[in-house]
1. What relative contact order, as a whole-number percentage, does the chain give when Cα pairs under 8 Å and 6 or more residues apart are counted?
2. At 0.36 nm per residue, and after removing the present C-alpha to C-alpha distance, how many nm does the segment from Arg108 to Thr28 gain when stretched out fully?
3. With Cβ to Cβ distances under 15 Å as the rule, what net charge do the other residues near Ala61 carry (K, R +1; D, E -1)?
4. Please report, in debye to the nearest 20, how large the charge dipole of the chain is about its Cα centre when each Lys and Arg carries +1 at its beta carbon and each Asp and Glu carries -1 there.
5. Can you pull the percent of the chain's accessible area that's carbon plus sulfur, 1.4 Å probe, other chains left in place?
6. With the radius of gyration and the Kirkwood radius both derived from the Cα set of segment 60-112, what is their ratio Rg to Rh?
7. Work from the charge dipole of the chain (Cβ charges, +1 for Lys and Arg, -1 for Asp and Glu, about the Cα centre) and give the residue of Gly26, Ala75, Gln3 farthest towards its positive end.
8. If you build the convex hull over the alpha carbons only and average its shadow over all orientations, what do you get for the chain? Give it in nm² to one decimal.
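The values are calculated or read from the model by the stated rules, or taken from the named source; none is laboratory data. Just so you know, these numbers come straight off a predicted model, no measurement behind them. Don't worry about glycine lacking a Cβ; one is built from the backbone with ideal geometry, like all the others, and counts go over all protein chains shown. What goes into the accessible areas is simple: the full protein's heavy atoms, side chains included, and nothing from ligands, DNA or RNA. Shrake-Rupley method; radii C 1.70, N 1.55, O 1.52, S 1.80 Å.
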Amino acid sequence: QVQLVESGGGLVQAGGSLRLSCAASGLTFTWYGMGWFRRAPGQERDFVASVSQSGGSTNYADSEKGRFTISRDNAKNTVYLQMNSLKPEDTAVYYCAADKHGTPTTSRNVDYWGQGTQVTVSS
């Protein structure tokens, strides 16, 4: 049973920081590129960031570039999203994603999803 279990979401004021964690189990973690997506109310689930299997390559959506950092600890089967300088428009449910075929940049590439964790940024 593959599980991606997220933690670290919550309420933060604009300009603040959060670190999301996603603990993976039931899969060979190093076979998967990992990523984060988010879905704001009434919107599509959008790409946020991804990291390659080794952790050597990362990709970011333009809106997060320079503010968010994705990383992974393969020894702990965990991927992280460090979010700094948060803005109200970052408010969304954030989802952890795993892609056996590469680094996920679209939902169609995702093999497994986490349950989602709410991030709310107040003005």
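1. 36 percent
2. So the extension gain works out to 26.8 nm.
3. Taking every other residue near Ala61 into account, the sum is 0.
4. Rounded to the nearest 20 debye, it is 120 debye.
5. 43 percent
6. The Rg/Rh ratio comes out at 0.97.
7. Farthest towards the positive end: Ala75.
8. 6.7 nm²
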